[in-house]
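Structure record follows, encoded as C-alpha cells.
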C-alpha cells in the first residue's frame, strides 16, 4: 500500500483528487470509482461498544441515495489503538475533525450540516470527501497509515 505521510491541518496540505484515486487504486486495483455531489444532512459522534470514538457524516447524494462517510475508530477512551494496542493519542481524531471541516468550508462542527461536498465512491463505499469547489480532498483510509 502506498504510504502517505501525516498531513498537518494546513489548507495547502489537502490531498488532490488524483492523489486520492492513486492511493485507493493501490489498495483496490480492479475497482472503479465515481465522484458525485452530496449534501451533509446529519452528524454523529459517539463511542462504540468497545470504547472507540467514531463519527459518521450522513450525506444525501446526487443520485438520490443517503449514505454515511466515516465509522472509523478515531481513538479509544484509554488513548490506545484498538487494532494494535499502540498508543497514538488523539491525533487522528483531531485530524479527522479538522479535515472534514476544511472539506466543508466550515470552522464549527455543527455548521457542517447542510454543507455541499464532493464524494468519491468505490466498491459502494464513500472513501473520500472533497471541497465542493476546490480540489482539496480527505481520504481517511489512506491517511490512517501514518498513525499505525
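Each value in this text was obtained by applying a stated rule to the coordinates, not by laboratory testing. Here the structure is a predicted model, which means the values were calculated and not measured. For neighbour counting, all protein chains shown are included, and Cβ atoms are generated from backbone atoms with ideal geometry for every residue, glycine included.
Between residue 66 and residue 32, what is the spin-label point distance in nm, taking each point 7 Å from the Cα along the Cα→C-beta axis?
Going by the 7 Å Cα→Cβ label model, 2.8 nm.
Between residue 16 and residue 108, what is the spin-label point distance in nm, taking each point 7 Å from the Cα along the Cα→C-beta axis?
So the two model labels end up 3.5 nm from each other.
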